[in-house]
Amino acid sequence: MRQIAFQQLEESVESVRVLNPRRAQDEDCPYYLKAEKVLYKRGLSRLYDDMTTVVARKVRGDLYGHFGNTQYYRIINGERPVSPAEQKYIASVLRRHGVKSANVYDEEEEMYASGF
């Protein structure tokens, strides 16, 4: 697991925290992440294209309120990957406001779960 994490680090990262490996082997550990790739998505540049202004304003408010200013804009601009759990949340917001668009993301990529 540490080897996978090391390979994912950017060169600009100066230090990292490491959990006790004996603790992290247990799936009951809250920090445990399986060493398998999951589908992350990036960018929502076309998210508001097919919405009315009123609906777009409501969706934007919900997403902005959930993710906060910085993360919202990083997600919209594709600077930060969207985890499967976050994808479910975004889909629930769209459903709640009657948006039926299935493919709202710009890109998909398989990555190891990062837990961010």
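Some observations on this one:
- Subset of the stretch 83-116 that is touching a helix residue (DSSP H, G or I) at 6+ places or on another chain (Cβ under 7 Å) and farther than 14 Å from residue 47 by Cα - its residue that is surrounded by the fewest Cβ atoms within 10 Å (Cβ to Cβ): 89
- The residue of the stretch 11-50 that is modelled with the lowest pLDDT, among those that are of a type in the set (A, V, I, L, M, F, W, C) and touching a Gly at 6+ places or on another chain (Cβ under 9 Å), is 33.
- Condition met for residue 36 (under 24 Å from residue 7 (Cα atoms) and either free of Cβ contacts under 8 Å to residues at least 24 places away in the same chain or surrounded by 11 or more Cβ atoms within 10 Å (Cβ to Cβ) (or both)): no
- Residue 77 falls short of the stated requirement of being free of Cβ contacts under 8 Å to residues at least 12 places away in the same chain, under 20 Å from residue 40 (Cα atoms) and not hydroxyl-bearing (Ser, Thr, Tyr).
To keep it simple, each residue is scored yes or no on (1) over 30 Å from residue 18 (Cα atoms); (2) assigned to a helix (DSSP H, G or I); (3) free of Cβ contacts under 8 Å to residues at least 40 places away in the same chain; (4) of a type outside the set (Phe, Trp, Tyr).
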{"position": "48", "(1), (2), (3), (4)": "yes, no, yes, no"}
{"position": "51", "(1), (2), (3), (4)": "yes, no, no, yes"}
{"position": "66", "(1), (2), (3), (4)": "no, yes, yes, yes"}
{"position": "86", "(1), (2), (3), (4)": "no, yes, yes, yes"}
{"position": "93", "(1), (2), (3), (4)": "yes, yes, yes, yes"}
{"position": "100", "(1), (2), (3), (4)": "yes, no, yes, yes"}
{"position": "111", "(1), (2), (3), (4)": "no, no, no, yes"}
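The values are calculated or read from the model by the stated rules, or taken from the named source; none is laboratory data. What you are looking at is a predicted structure, and each value in this text was computed from that prediction instead of being measured. Cβ sites come from the backbone with ideal geometry, for glycine too, and all protein chains shown count toward neighbours.
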